[in-house]
Amino acid sequence: MILELDCGNSFIKWRVLDFDGVTPIEGGVVGTDSALLASLSDADKFKLKKCRLVSVRTPQETDSLVALLIDVFGVSVSRAVPVRELAGVKNGYNDYERLGLDRWLALLGGFHLASGACLVLDFGTAVTADFVAADGEHLGGFICPGMPLMRNQLRTHTRRIRYDDTAAERAHESLAPGRETVEAVERGCMLMLRGFVLTQLELAKEYWGNDFVVFLTGGDANLVSGVVPDAKVVPDLVFVGLAMACPLS
Ligand SMILES: Nc1ncnc2c1ncn2[C@@H]1O[C@H](COP(=O)(O)OP(=O)(O)O)[C@@H](O)[C@H]1O
Ligand SMILES: CC(C)(COP(=O)(O)O)[C@@H](O)C(=O)NCCC(=O)O
Ligand SMILES: [K+]
């Protein structure tokens, strides 16, 4: 069985593929390396042989996780690395090594699934947009703070914005102008996200008319899926690209 990992800034997304190397049998989201080990060791059922992973964490953090996986499970580990071009897609960064590897894999996966122009929007700690033209040219993208960062910046840098997570959840029942702090902040940040998405759609239309596919991925993709009804919500888009970047040899 194959262990797949997507190590983001806040969470590690994991899943295990069956012996065929294709069918996911289980997966989850964890906050720490030790929580990952616990999830995997709890289940005696996993016979892990290989692992492939992508990380946007520091090399030290990633190295230490890789060492742990080798030590505990005896797996061989394949890590996604930056490349200029893969599967017909050309990395659009001036310095291709600087493009976040999770973005690279998501846009590889998006182009593969769309077989044409695509806009890939990822809602994690950061929110990212990436544009890939029909000929596989990555035109670049945008990065802005995701929902948790926007919310926490306001909580951290003001003195009177304080509320708990359950109140935050309740505030999302509507997008009407807020009548209390929690509503005003949560709905305001939500509108920022939605505005960002709509601007990306306009830009994609300027480039390609209606001839493109929109992909939504990342833990908070559901927050904006309502504003792009035609978008494909693909929570495992990074894993689609990961399989392309780290094929089983
Ligand atoms: N099961 C889950 N565990 C943790 N966060 C989740 C989960 N499902 C959705 N989320 C949301 O996903 C966001 C993190 O998205 P994610 O794509 O994992 O970020 P990153 O890749 O930056 O670590 C959180 O802000 C949270 O709101
Ligand atoms: C933009 C990101 C912080 C997104 O990370 P995430 O929110 O998925 O944890 C990550 O892709 C990254 O560190 N990129 C390097 C900078 C760049 O892509 O230009
Ligand atoms: K991500």
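So here's what we get for this one:
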{"read-out": "Answer residue from the stretch 6-26, given it is part of a strand (DSSP E or B) and without any contact (Cβ under 8 Å) to a residue 60 or more places away in the chain and is nearest to ligand 2 (Cβ to nearest atom) among those", "value": "CYS7"}
{"read-out": "Filter result for VAL29 (within 16 Å of ligand 2 (Cβ to nearest atom), more than 18 Å from GLY74 (Cβ to Cβ), open to solvent by less than 30 Å² (accessible area, probe 1.4 Å) and not charged (D, E, K, R))", "value": "no"}
{"read-out": "Hits in the stretch 1-26 - residues which are open to solvent by 30 Å² or more (accessible area, probe 1.4 Å) and more than 16 Å from ligand 1 (Cβ to nearest atom)", "value": "ASP18, PHE19, ASP20, VAL22, THR23, ILE25"}
{"read-out": "One residue from ARG103, ARG52, ARG98 being more than 15 Å from ligand 1 (Cβ to nearest atom), farther than 23 Å from SER249 by Cβ and within 19 Å of the chain's Cα centre (by Cα)", "value": "ARG98"}
{"read-out": "Single residue of PRO235, PRO247, PRO177 found to be within 16 Å of ligand 2 (Cβ to nearest atom) and assigned to a loop (DSSP other than H, G, I, E, B)", "value": "PRO235"}
{"read-out": "Test for TYR163: is it open to solvent by 30 Å² or more (accessible area, probe 1.4 Å), farther than 26 Å from LEU242 by Cα and in contact with a Ser or Thr (Cβ under 7 Å, 6 or more places away or on another chain)", "value": "yes"}
{"read-out": "Of the criteria (1) out of contact with any strand residue (DSSP E or B) (no Cβ under 9 Å at 6 or more places or on another chain); (2) open to solvent by 50 Å² or more (accessible area, probe 1.4 Å), which one ARG187 fails", "value": "(2)"}
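Here is a yes/no grid of residues against (1) crowded, with 16+ Cβ neighbours inside 10 Å; (2) touching a Ser or Thr at 6+ places or on another chain (Cβ under 9 Å):
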residue: GLU97; (1), (2): no, no
residue: LEU105; (1), (2): yes, no
residue: LEU108; (1), (2): yes, no
residue: HIS112; (1), (2): yes, no
residue: LEU119; (1), (2): yes, no
residue: GLY124; (1), (2): yes, yes
residue: THR128; (1), (2): yes, no
residue: GLY140; (1), (2): no, no
residue: PRO145; (1), (2): yes, yes
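The values are calculated or read from the model by the stated rules, or taken from the named source; none is laboratory data. What you are looking at is a predicted structure, and each value in this text was computed from that prediction instead of being measured. Note that we place each Cβ from the backbone using ideal geometry, even for glycine, and neighbour counts take in every protein chain shown. Ligands, DNA and RNA are stripped out before the accessible areas are found, and what is left, the full protein with its side chains, is counted by its heavy atoms. Shrake-Rupley method; radii C 1.70, N 1.55, O 1.52, S 1.80 Å.
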